[in-house]
Amino acid sequence: MTVPRQEHTADMTQPPAEPGTPVEPVVRPAPHRWLWYAFGGRLPARNRSWVLFDTTTDTWWARHVARIFVQMIIPIALVMILIPAGWQLRAACAGGGIFLALIYALAYMNETVEHRVVKAGYPAGTAQAVRDRGSSVKQQAESERKRAAAAKRAARYRDRTGR
């Protein structure tokens with residue numbers, strides 16, 4: 001038994017977008033959806049590009065740490081409220097929990113971010129590839145800026161010394 005072949009109906013006149021670049025507009029999620037996302041939930045398809053933006057922007061690591069603090073709010077509040085001890089011991093327990101959570105969150109930051117991108121429907125490795133590509137572009141621009149500055153200094157030196 002053969003399976004009928006599905007025809008590819010994409011318009012071949014449009015150049016394909018680079019992998020990992022958002023084609024659809026970046027739509028920020030509503031606050032309640034962002035909380036769901038911060039706790040590990042999946043966002044609707046319309047927020048797919050925002051997830052890629054969130055995990056690849058220059059401040060992606062700070063956004064990750066902010067999500068970790070949001071995740072820790074409930075356990076820390078419970079520790080501070082429910083432990084029958086002095087406030088110093090409760091604060092020490094909460095501080096220890098924050099410290100351990102940050103160690104794990106930072107140790108597995110890349111994997112966690114990639115998992116968010118995969119849940120949004122992108123292939124594994126997309127976030128790292130987009131960040132690497134952006135870093136390469138910035139590094140190239142910085143190199144060109146430094147070359148231009150060096151050429152300007154060399155021209156100024158030649159003008160002063162007459163060489």
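At a glance:
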| item | result |
| --- | --- |
| Answer from Pro4, Pro19, Pro15 - the residue that is in contact with a Pro (Cβ under 8 Å, 6 or more places away or on another chain), open to solvent by 100 Å² or more (accessible area, probe 1.4 Å) and at pLDDT below 90 | Pro19 |
| Hits in region 113-132 - residues which are surrounded by fewer than 17 Cβ atoms within 10 Å (Cβ to Cβ), part of a helix (DSSP H, G or I) and free of Cβ contacts under 8 Å to residues at least 60 places away in the same chain | His115, Val118, Gln128, Asp132 |
| Failed condition for Asp159, given (1) surrounded by fewer than 11 Cβ atoms within 10 Å (Cβ to Cβ); (2) touching a residue at least 60 places away in the same chain (Cβ under 8 Å); (3) of a type in the set (D, E, K, R) | (2) |
| Residue count for region 92-109, restricted to those that are surrounded by 15 or more Cβ atoms within 10 Å (Cβ to Cβ) and either within 24 Å of Phe53 (Cβ to Cβ) or hydroxyl-bearing (Ser, Thr, Tyr) (or both) | 2 |
| The one condition in (1) open to solvent by 40 Å² or more (accessible area, probe 1.4 Å); (2) touching a residue at least 40 places away in the same chain (Cβ under 8 Å) that Ile73 fails to fulfil | (2) |
| Count - residues of region 75-97 that are more than 24 Å from Phe39 (Cβ to Cβ) and in a loop (DSSP other than H, G, I, E, B) | 3 |
| Residue match in region 57-65 (condition: open to solvent by 40 Å² or more (accessible area, probe 1.4 Å) and outside any helix (DSSP H, G or I)) | yes |
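The values are calculated or read from the model by the stated rules, or taken from the named source; none is laboratory data. Quantities reported herein were computed from a predicted structural model and do not represent experimental measurements. Cβ atoms come from the backbone with ideal geometry, glycine included; neighbour counts cover every protein chain shown. What goes into the accessible areas is simple: the full protein's heavy atoms, side chains included, and nothing from ligands, DNA or RNA. Shrake-Rupley method; radii C 1.70, N 1.55, O 1.52, S 1.80 Å.
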